[in-house]
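Worksheet: the structure to be examined is printed underneath.
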Amino acid sequence: MSVRTAIVRRAIEVAALLAEVGDMANGATVIFLGHVREMNDGRAVSGIEYSAYGEMAERELAAIASECAAHFGVAHLVAEHRLGALELGDVSIAIAVAHPHRAEAYEASRFVIEEVKRRLPIWKREGYVDGTSDWVDAAGIAHEQRAEEWQ
Amino acid sequence: MTVTALLFASYADALGSDRLELTLAGDTTVRDVVDRLRAMPGGSSLPAAPLVAVNQTYASSDQRVVSGDEVAIIPPVAGG
């Protein structure tokens, strides 16, 4: 089994991640890519600046991957999240999972992205075509409601 | 005692800083640190009970903090 995670400030090399998780023992590989889309909430997006609580984000992403590997018995898992200024279409997160069987591969991949959305301390400031920008609460959950989950 | 408060994203914008050294009385909790920040100029836009991490681990509002702790106030996360 291999598990690797990274918070990076460079383009994510999708083909390299696929090669990293590939081996003959596994019948299924699932790759999830998150990328910058051109419209959000009815506003035309020009790009997104991602920032993080760096060391904690590294630790949380590694913890999510470990929990996933233990729970779903994945063979190989690689997850990278990118920070910095991203343009439309750029990959912000990639999750590659290899497993002997497809059902578990899909479930493991979904687990990682949902936990990232829930607890990875990363923020995005969306820039719009009209020249304005805003911090995004992607999950759309009222903040105090979210805090209660930890108490 | 002194703790380091870390602020990110919209919270850093609101307080005009991403890192503040706070001097507090002993026997202090996460809630006390948040209350101190909310009393500062710009601090009123922080929620009363934000998500907080102490030394990079999510913490409850009644968790004790000790001198030297790093107390991060976490805005709604938006990774992915």
Tell me which residues, restricted to segment B:5-50, are surrounded by 14 or more Cβ atoms within 10 Å (Cβ to Cβ) and part of a strand (DSSP E or B). B:ALA5, B:LEU6, B:LEU7, B:LEU20, B:LEU22, B:THR28, B:THR29
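Among the residues of segment A:1-55, which ones are among the hydroxyl-bearing types (Ser, Thr, Tyr) and in contact with a Phe, Trp or Tyr (Cβ under 9 Å, 6 or more places away or on another chain)?
First pass over segment A:1-55, keeping only residues among the hydroxyl-bearing types (Ser, Thr, Tyr): A:2, A:5, A:29, A:46, A:50-51, A:53.
Scanning segment A:1-55 gives A:SER46, A:TYR50, A:SER51, A:TYR53.
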If a residue has to be touching a residue at least 12 places away in the same chain (Cβ under 8 Å), assigned to a loop (DSSP other than H, G, I, E, B) and aliphatic (A, V, I, L, M) to count, how many in segment A:1-57 make the cut? 5
Say whether the condition of being more than 13 Å from chain B (Cβ to nearest Cβ), modelled with pLDDT under 95 and more than 30 Å from A:SER133 (Cα to Cα) is met by at least one residue in segment A:11-23. yes
Provide a single number: the residues in segment A:92-141 that are under 27 Å from A:MET24 (Cβ atoms) and more than 7 Å from every other protein chain (Cβ to nearest Cβ). 19
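The values are calculated or read from the model by the stated rules, or taken from the named source; none is laboratory data. What you see is a predicted model, and the numbers here were worked out from it, not measured in a lab. Neighbour counts are summed over all protein chains in view; Cβ atoms, including those assigned to glycine, are modelled from backbone coordinates with ideal geometry.
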